[in-house]
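Enquirer: I'd like to ask you about the structure that follows.
The values are calculated or read from the model by the stated rules, or taken from the named source; none is laboratory data. Being a predicted model, the structure only gives us computed values, none of them experimental. Neighbour counts run over all protein chains shown; Cβ positions are idealised from the backbone, glycine included.
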Amino acid sequence: MTIVKKEKKGNVTVYTVKKNFDDEKMEKKMNTFLKRDDIDTIITDDSDVYGEDNKLLLRFRKNVLPREHVDAFYDNVINFAKNKSGLRASASGSKKMGYSDKKVMSNIFGYFDTWSPGQKAVFKKRGKTPSVTVRECRFNMDYPEEYKKTIPLIKDIDELYAKMTPEQYKIQRRMANQTHFKIPGTSFTTVTTNVNYTTTVHQDVGDCVDGFGNLVVIEKSESSEPGKGYNGAETCFPQYGIGVDVRTGDVLFMDVHQPHANLPMIKKDEDAIRLSIVCYLRTNVWLRTKNRTRRFYETHNRTVRNLRSSKPK
């Protein structure tokens with residue numbers, strides 16, 4: 001990390017940094033895995049980082065999430081989050097590195113803007129597809145009580161979003177208020193969970209381009225005290241040579257449209273779990289459902305559920 005300026009504002013360290021290399025070199029690193037040598041600095045304390053253009057790159061705060069909400073989220077989602085998916089081709093390295101059958105523990109809940117493979121098969125057999133391509137995710141449908149218990153933590157993240165990056169939050173919340181297809185009481189339509197997942201360098205797509213990204217991590221290990229079950233897995237911006245060590249209770253707000261990835265997770269305990277949580281607004285969910293009535297929302301969800309559960313004749 002090349003630091004142009006560093007100052008202290010209260011308990012927060014504020015950095016202004018410049019890129020270590022140009023965009024052409026960055027393009028060559030896309031969809032590849034990071035190495036420890038790619039990163040100069042790992043942030044572990046409350047910090048704000050700006051680029052030379054004075055645009056916010058990241059804002060990191062430690063120990064700001066209520067432990068009871070963190071534990072409730074983990075306990076109610078972890079079994080679902082451990083399901084393996086082969087749909088993360090770009091961030092898992094499958095596209096560029098030839099891992100055509102690679103599956104990772106990466107899942108979504110809330111609402112999404114493509115049909116699942118299972119839904120497509122049912123729709124094809126029945127010769128009937130809902131007119132709006134927006135779906136309630138399987139976790140919401142199959143585990144409604146567990147889903148409800150995840151919402152307090154998502155609301156905590158939303159409140160911190162409003163406080164820490166208010167300009168971006170206002171834009172996203174205005175959009176979220178125009179649709180019923182969202183996590184109740186928040187600016188998010190969708191949540192992605194990842195378990196022990198090392199991503200390649202990528203840029204997020206499909207989310208609100210004028211909003212700001214976020215990351216929360218929950219660590220678990222039966223063998224060690226919190227924070228001791230693994231090393232590594234820091235979230236990094238390789239073009240700036242900077243990473244952030246996000247741990248339980250922390251929140252990271254970041255420009256997810258900048259190339260980013262996380263370093264390999266090095267387990268110190270075999271049972272160590274790193275559950276990462278990303279909350280966002282899917283632009284197509286909003287576009288396809290904005291200003292639709294509550295009745296449309298309920299009817300559409302009921303139609304999709306019925307098509308999913310019924311057997312074709």
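Enquirer: Can you report the number of residues in region 277-311 which are surrounded by fewer than 14 Cβ atoms within 10 Å (Cβ to Cβ), in a helix (DSSP H, G or I) and out of contact with any helix residue (DSSP H, G or I) (no Cβ under 7 Å at 6 or more places or on another chain)?
Expert: Final tally of qualifying residues: 8.
Enquirer: Let me ask something else. For Arg274, work out the one condition from (1) in a helix (DSSP H, G or I); (2) modelled with pLDDT of 95 or more; (3) out of contact with any helix residue (DSSP H, G or I) (no Cβ under 6 Å at 6 or more places or on another chain) it doesn't fulfil.
Expert: (1)
Enquirer: Continuing with this model, one more query. Filter region 8-51 down to the residues that are part of a strand (DSSP E or B), surrounded by 10 or more Cβ atoms within 10 Å (Cβ to Cβ) and more than 22 Å from the chain's Cα centre (by Cα) and list them by number.
Expert: Hits for region 8-51 are Val12, Thr13, Val14, Tyr15, Thr16, Val17, Lys18, Thr41, Gly51.
Enquirer: Residues of region 210-232 being assigned to a loop (DSSP other than H, G, I, E, B), of a type outside the set (Lys, Arg) and over 14 Å from the mean Cα position of the chain (by Cα), which ones?
Expert: Here is the first cut: in region 210-232, the ones assigned to a loop (DSSP other than H, G, I, E, B) are 210-212, 221-229.
With the extra rule that they be of a type outside the set (Lys, Arg), the set shrinks to 210-212, 221-227, 229.
Asp210, Ser221, Glu222, Ser223, Ser224, Glu225, Pro226, Gly227, Gly229 - these are the residues of region 210-232 that are assigned to a loop (DSSP other than H, G, I, E, B), of a type outside the set (Lys, Arg) and over 14 Å from the mean Cα position of the chain (by Cα).
Enquirer: Now a separate question. Applying the selection to region 139-187, what residues are β-branched (Val, Ile, Thr) and assigned to a loop (DSSP other than H, G, I, E, B)?
Expert: Hits for region 139-187 are Thr165, Thr179, Ile183, Thr186.
Enquirer: Moving on to the next point. Please determine whether any residue of region 278-292 is charged (D, E, K, R) and free of Cβ contacts under 8 Å to residues at least 60 places away in the same chain.
Expert: Within region 278-292, none of the residues are charged (D, E, K, R) and free of Cβ contacts under 8 Å to residues at least 60 places away in the same chain.
Enquirer: Could I ask something else about it? Quick one: would you say Val256 is among the hydrophobic types (A, V, I, L, M, F, W, C), touching a residue at least 40 places away in the same chain (Cβ under 8 Å), under 19 Å from Lys19 (Cα atoms) and not in a strand (DSSP E or B)?
Expert: yes
Enquirer: Which one of Pro152, Pro144, Pro238 is touching a residue at least 24 places away in the same chain (Cβ under 8 Å) and more than 23 Å from Leu57 (Cα to Cα)? Let's see the steps before the verdict.
Expert: On the way: Pro144 fails: touching a residue at least 24 places away in the same chain (Cβ under 8 Å); Pro238 fails: more than 23 Å from Leu57 (Cα to Cα).
On inspection, the qualifying residue turns out to be Pro152.
Enquirer: On to the next question. Can you run down the residue pairs with Cβ atoms below 8 Å, 6 or more apart or on separate chains, where the first is in region 7-21 and farther than 18 Å from Gly243 by Cα and the partner is surrounded by 13 or more Cβ atoms within 10 Å (Cβ to Cβ) and of a type in the set (Val, Ile, Thr)?
Expert: Cβ pairs passing all conditions: Glu7/Thr13; Glu7/Val14; Lys8/Val14.
Enquirer: Right, another one. Scanning for something small (Gly, Ala, Ser) and more than 15 Å from the chain's Cα centre (by Cα), does region 233-247 turn up at least one residue?
Expert: The answer is yes; a qualifying residue exists.
Enquirer: Can we say Ser187 is crowded, with 20+ Cβ neighbours inside 10 Å and of a type in the set (Gly, Ala, Ser)?
Expert: Yes: the conditions hold for Ser187.
Enquirer: Among the residues of region 241-249, is there at least one that is touching a residue at least 60 places away in the same chain (Cβ under 8 Å), farther than 26 Å from Lys25 by Cβ and in contact with a helix residue (DSSP H, G or I) (Cβ under 7 Å, 6 or more places away or on another chain)?
Expert: Yes, some residue in region 241-249 is touching a residue at least 60 places away in the same chain (Cβ under 8 Å), farther than 26 Å from Lys25 by Cβ and in contact with a helix residue (DSSP H, G or I) (Cβ under 7 Å, 6 or more places away or on another chain).
Enquirer: If you don't mind, another one. Residues that are modelled with pLDDT of 90 or more, β-branched (Val, Ile, Thr) and out of contact with any Ser or Thr (no Cβ under 6 Å at 6 or more places or on another chain): which helices (runs of 4 or more DSSP H) entirely in region 71-138 hold 1 or more of them?
Expert: 117-126
Enquirer: Determine whether region 173-185 contains at least one residue that is touching a helix residue (DSSP H, G or I) at 6+ places or on another chain (Cβ under 8 Å) and under 17 Å from Asn107 (Cα atoms).
Expert: Yes.
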